[in-house]
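A.B. asks: Attaching a single structure in structure tokens format; questions to follow.
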Amino acid sequence: MTFLHKEGVNILREYSHHPSFVMLALGNELWGSIEKMKEFTDDFRKIAPKILYTFGSNYYLGYQGIKTGMDYFTTCRIGGEGWGKYNTHTRGSFSYADAYEGGMINHFYPNSSLNFDEACDKATVPVISHETGQFQTYPDFNEIKKYTGVLYPYNMEVFRKRLENAGMLDQAEEFHKASGMWSALLYKADIEMDLRTMNMAGFQLLDIQDYPGQGSAYVGIMDAFMDSKKIVSEEQWRQWCSPVVPLLISDKYCFSNSEHLKAKIKVANYSSGRFNDTEVYCQIKQNDKTKYFIVLGGFIREGLDSIGNIDIDLSRFKEPTCLTMELGFLDGTGMTQKGIGYNSYQIWVYPNENNTEQLKKGLIITHKITDEIGQKLLKGAKVLLMPDSTEFVKDQVGGLFMTDYWNYRMFKTICESNKKPVSPGTLGILTNPEHPIFNYFPTEMHTNWQWFPIIKESHPAILDNLGKEYRPIVQVIDNIERNHKLGLIFEFQIGKGKLLICMSDLEKTTKYPEGRAFYESVLRYMHSDKFCPNTHLSDINALKTLLQQKLENKNMDKLNNISQY
């Protein structure tokens, strides 16, 4: 303690005259004597009274709240909250050990309206969001060759070998891309929650590069060398992480065409300037063709400023479609300005018709496979199996919408020690957008907001025993510790029949337009001549044997990331 106090005094005497030195925290995620923390800051304030002090970034993980002697509060929460509550949170993502279902982004139906007003309005000092993000990306093993000095990434070689043993090394680059593109969208969501909060003083990312320690945390937008992972461009990142950001305020991203898209437009302006002659525009595109162009008000004030409202009739979109909404500024000539105040969002629109009951005709839809259904398959039936959670119970993981937080093994251990549910630990989906099962459900190769109800109702199956060459239609990317082959949707030919297995209860998703659309798209596929599984099984018992036979034990020994000679 004597050393730490002396170190603080020396830091202040040496550097506090510098104009960029404006704030000092005693450390990160500190515990211990609050009285001693106050004693330190009181002493330091006598030496450099113009600097702002706080006890520690996220001290006591925010549970102790604001104390006398703190000039600001860098934290993930304002005081404690009941388990399953989010009213004190100041960031959108957590580990499963620290918040129910890993926080607000993974828990609530996707929207661009959530914020942290409830927590920040209670604060008596400025609040900075602590370590926003921490969304994992599957590692890029091409990075290994970049290490040429005394450090060597033996941990990455271990992870690569595990993936090779699992028979999925050929998918490594796709895992990296799909999980990375989804993590970038999650970062956008988390950062924009900060920007939408009126009294949020700022946010702090947990670095923007990967961290090779603590079991290996691949949470960066850049790799450990500060090189871009090429999952998001600089221009894209600046859409939502910039001094001036136009914001869509909407309760959802997915609509039926019988609805109107009603939303607010705001601008987060922290550029230390006003825009007196600038107008905000809203443009909606379908396949790069403009469908709507709306000019909203100008004179953008500092801080979070409300610009106007939009109300768009969606009835013209007769087919399932993904629209792009662009928000930006017009200059004095009516031309769009480049490089400042530009942002974009994806909006999905689906027909309001409900054809699922009609499309179910001619198909067998079941939650359990029986001997009778097995016999019908042998004779040529088409079967959609949506197993309930009691089927293959040892051979499935939970449904996780966002990518796993920080590092799976570390927080698995913490959750188990604290008797909290363990995160499913997955990193989003990987699929082929050109597959005919998606003819009526536009998608990218990665997770996006329209997948929420499907994934939240899912319990992906472990398909390790199906052969290394087998690939599901919708694959769930597992973490680097387990490397399970996980299937959300997969299919088989059994005798003369065809079996499609969906590890999500699509009946429960139909209260959402995107859930109905996906269910219909699956049923249309099963009726089509494109439904031709290329993996043949002799009978239903062969499938049960593959899914229920003992899985190989996955080694999750601790990696200390230390090179020894």
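Taken together, the values in this text are just the output of simple stated rules run on the coordinates, not laboratory data. This one's a predicted model, so the numbers in the text were calculated from it and none came from an experiment. All Cβ positions, glycine included, derive from the backbone under ideal geometry; neighbour counts span all protein chains shown.
A.B. asks: Would you kindly give the portion of the calculated P(r) for the range 1-149 that falls above 29 Å, as a percent of all Cα pairs?
C.D. replies: 33 percent
A.B. asks: Ok, one more. Do any of Lys6/Lys38; Lys376/Lys511; Lys361/Lys485; Lys161/Lys468 go past 22 Å between their Cα atoms, and which?
C.D. replies: Violating the 22 Å limit, Cα to Cα: Lys376/Lys511; Lys361/Lys485.
A.B. asks: Sticking with this structure for a sec: Using every pair of alpha-carbon atoms in the range 148-269, split the distances into 5 Å bins beginning at 0 and state the percent of pairs per bin, rounded to integers.
C.D. replies: 2, 8, 14, 18, 16, 13, 10, 8, 6, 4, 1, 0, 0
A.B. asks: Measure off 7 Å from each Cα along the Cα-to-Cβ vector at Asp277 and Phe108, then give the distance between these two points in nanometres to one decimal.
C.D. replies: 3.9 nm
A.B. asks: Related question: Report the chymotrypsin sites (Phe, Trp or Tyr not before Pro) located in the range 68-127 that are in a DSSP loop and have at most 15 other Cβ atoms inside 10 Å of their Cβ, or state none.
C.D. replies: Passing both the DSSP loop test and the Cβ count: Trp83, Phe108.
A.B. asks: Expressed in nm to one decimal, what extension gain is obtained for the pair Asp121 and Asn418 from 0.36 nm per residue of sequence separation less their Cα-Cα distance?
C.D. replies: My answer for the length gained is 103.9 nm.
A.B. asks: Under 8 Å for C-alpha pairs, at least 6 residues apart: give me the relative contact order for the range 171-256, rounded to a whole percent.
C.D. replies: Rounded, it is 25 percent for the range 171-256.
A.B. asks: Can you give me the convex hull volume of the Cα atoms of the range 244-350, divided per residue and expressed in Å³?
C.D. replies: Here the figure is 89 Å³ per residue.
A.B. asks: Among DSSP beta bridges lying fully in the range 1-136, give the percent that are antiparallel, nearest 5.
C.D. replies: Expressed as a percentage, antiparallel bridges in the range 1-136 total about 10.
A.B. asks: Hey, can you list the DSSP H helices of the chain whose Cα span along the axis is 18 Å or longer and whose average Kyte-Doolittle score is at least -1.0?
C.D. replies: 2-15, 172-195, 513-527
A.B. asks: Evaluate the range 351-408: find the radius of gyration of its Cα atoms, find its Kirkwood radius, and give the ratio Rg to Rh.
C.D. replies: Taking Rg over the Kirkwood Rh, I get 1.14.
A.B. asks: Another question, then. Which trypsin sites (Lys or Arg not before Pro) from the range 49-129 combine a DSSP loop assignment with at most 12 other Cβ atoms within 10 Å?
C.D. replies: Lys50, Lys85
A.B. asks: Between Asp227 and Thr370, what is the label-to-label distance in nm when each label sits 7 Å out along the Cα-to-Cβ direction?
C.D. replies: Output for this residue pair reads 5.9 nm.
A.B. asks: Now a separate question. Among all the aspartates and glutamates, which ones have a C-alpha under 17 Å from Lys262's C-alpha, if same-chain residues fewer than 8 places away are not counted?
C.D. replies: Those aspartates and glutamates meeting the cut-off are Asp251, Asp311, Asp313, Glu326.
A.B. asks: Ranked highest first by average number of other Cβ atoms within 10 Å, how do 252-259, 473-480, 533-540 line up?
C.D. replies: 473-480, 252-259, 533-540
A.B. asks: Same structure again: About its Cα centre, what dipole magnitude does the range 356-548 give when the only charges are +1 on Lys and Arg Cβ and -1 on Asp and Glu Cβ, stated in debye to the nearest 20?
C.D. replies: The calculation lands at about 180 debye.
A.B. asks: Here's something else I'd like to know. For Leu30 and Asp207, compute 0.36 nm times the residue count separating them, minus their Cα-Cα distance, and round to one decimal in nm.
C.D. replies: Full extension of this stretch gives 61.8 nm more.
A.B. asks: Between Asn432 and Leu4, what is the label-point separation in nm under the 7 Å Cα-to-beta-carbon projection?
C.D. replies: Result: 5.7 nm between the two label points.
A.B. asks: Tell me, how many Å apart are the Cα centres for the range 58-83 and for the range 392-408?
C.D. replies: 29 Å
A.B. asks: Filter the cross-link list Lys230/Lys530; Lys318/Lys379; Lys50/Lys85; Lys67/Lys264; Lys177/Lys289 down to pairs whose alpha-carbon distance in this structure exceeds 29 Å.
C.D. replies: In this structure, Lys230/Lys530; Lys318/Lys379; Lys50/Lys85; Lys67/Lys264 exceed 29 Å between Cα atoms.
A.B. asks: Moving to a separate point now. How much length is gained on full extension from Lys85 to Lys46, taking 0.36 nm per residue of separation minus their Cα-Cα distance?
C.D. replies: In short, 10.1 nm is gained.
A.B. asks: Sort the following peptides by mean Cβ neighbour count (other Cβ atoms within 10 Å, averaged over residues), highest first: 419-426, 10-17.
C.D. replies: 419-426, 10-17
A.B. asks: So if I take the alpha carbon set of the range 341-457, get Rg, then get Rh from the Kirkwood formula, what is the Rg over Rh ratio?
C.D. replies: 1.05
A.B. asks: Right, next: Mind checking the log10 I(q)/I(0) for the range 356-548 at q = 0.10, 0.18 Å⁻¹? Debye, one equal scatterer per Cα, no solvent, two decimals.
C.D. replies: Normalising to I(0) and taking log10 leaves -0.40, -1.28.
A.B. asks: Just need the Rg to Rh number for the chain, please, alpha carbons only, Kirkwood Rh.
C.D. replies: 1.00
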